[in-house]
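Just below is one structure, and these are the notes that go with it.
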There are 2 protein chains.
Amino acid sequence: MKLFTERGFNGCSVQDITEAAVVPKGSFYNHFKSKEALAAEIVTEYGKGSTDRSILNNPEVPALTRLKRHFAALNEYFSRCNDGCLVGKFMAEVSDETPLIREMLLSVLNVWGEQISAAIAEGQEQGTIRTDLKADDLAAFLIDSYEGAILRTRVEKSPKALKYFVKVVFSSIIV
Amino acid sequence: MKLFTERGFNGCSVQDITEAAVVPKGSFYNHFKSKEALAAEIVTEYGKGSTDRSILNNPEVPALTRLKRHFAALNEYFSRCNDGCLVGKFMAEVSDETPLIREMLLSVLNVWGEQISAAIAEGQEQGTIRTDLKADDLAAFLIDSYEGAILRTRVEKSPKALKYFVKVVFSSIIV
């Protein structure tokens, strides 16, 4: 996971991976059919979250506050970790030659989308989030925008884009 | 440009490039110091736009209309071209080992940012764009969000995310 997050799917070889794991290269294929098969499992694992995603569904906290806390936690994480997001990197690399990765990315995007959409829908019911946009659409938009912001942080070598994301989203899109 | 856009920086080799160009591999190094040197020049070329960016500064059209037309043209382009955006892909791959690419990406992001920011600032003066967000911040946010949406289209094999982008942006952020 560490190597794939740092370098992306095409940026590291099975040999890089077995060297980092200090195991013989041949043993890799006892466990995984291909580099793609390993990468697909890693996408699922990574999708469980770099931060505590249960923040999003804590029923004791108002929905808008949960969304703010979720992105604040992500900002904190991605401001420290300069490697970017494995999901965003793999999204940029996915092609018809990597159908397994594509399938797992779809699944992670759907899970993240449902978690955020549920919080948005609750906020809409609670009257704290605008109701003229569908919760699902808005959730997908937020995920895409955040992935784009993470990409920029690595080019600018600055977490500024993550702060703008929070500022723009919570001052205009959401409310 | 075609190969890099399809496969990203790490996804193609100098040999892939010289084969596609039907030239001997050795001749590559008469023209470019490295694959990175070629890629950096291509970023600059690509940054001139897949679509006509002069839409953004046509003084005869109201600024908000220009922004809408710009993203409509991009949507039209990226709905047809399934390879995604070279800049977004390179943003995902950039690392300390590719400082030339990073520098050229920064420069393209700045040019795009200035073009969009100028239109936003004009729209703010014309009273059609909200003034509580800084034009520069909003421009960077729009670029990042759009790059993220393009990434999703390749995972979903659908241009849906591009339509959501336009819907969310022009119904909330901008006005």
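At a glance:
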quantity	calculated
Residue match in region A:129-136 (condition: open to solvent by 60 Å² or more (accessible area, probe 1.4 Å) and more than 13 Å from chain B (Cβ to nearest Cβ))	no
Selection count, region A:43-86, where residues are assigned to a loop (DSSP other than H, G, I, E, B) and among the aliphatic types (A, V, I, L, M)	1
Conditions (1) under 23 Å from B:Asn82 (Cβ atoms); (2) more than 20 Å from the chain's Cα centre (by Cα); (3) touching a residue at least 12 places away in the same chain (Cβ under 8 Å); number of the one not met by A:Ala40	(2)
Boolean, B:Val166 is of a type in the set (Val, Ile, Thr), open to solvent by 10 Å² or more (accessible area, probe 1.4 Å) and within 13 Å of the chain's Cα centre (by Cα)	no
When residues of region B:143-162 are limited to those that are more than 9 Å from chain A (Cβ to nearest Cβ) and part of a helix (DSSP H, G or I), the one least open to solvent (accessible area, probe 1.4 Å)	B:Leu162
Single unsatisfied condition, B:Glu97 versus (1) in contact with a Cys (Cβ under 9 Å, 6 or more places away or on another chain); (2) within 14 Å of chain A (Cβ to nearest Cβ)	(1)
Residue that is least open to solvent (accessible area, probe 1.4 Å) [pool: residues in region B:45-75 that are at pLDDT below 95 and polar (S, T, N, Q)]	B:Thr51
A:Leu74 vs. criteria under 18 Å from the mean Cα position of the chain (by Cα) and within 10 Å of chain B (Cβ to nearest Cβ)	no
Residue in region A:108-128 that is open to solvent by less than 50 Å² (accessible area, probe 1.4 Å), at the interface with chain B (Cβ under 9 Å from one of its Cβ atoms) and modelled with pLDDT under 95 present	no
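The values are calculated or read from the model by the stated rules, or taken from the named source; none is laboratory data. Just so we're clear, the structure is a prediction, and the values are computed from it rather than from any experiment. Counting neighbours? That spans all protein chains shown, and the Cβs are built from the backbone with ideal geometry, glycine included. Surface accessibility is based on the protein's heavy atoms, side chains included, excluding ligands, DNA and RNA. Shrake-Rupley method; radii C 1.70, N 1.55, O 1.52, S 1.80 Å.
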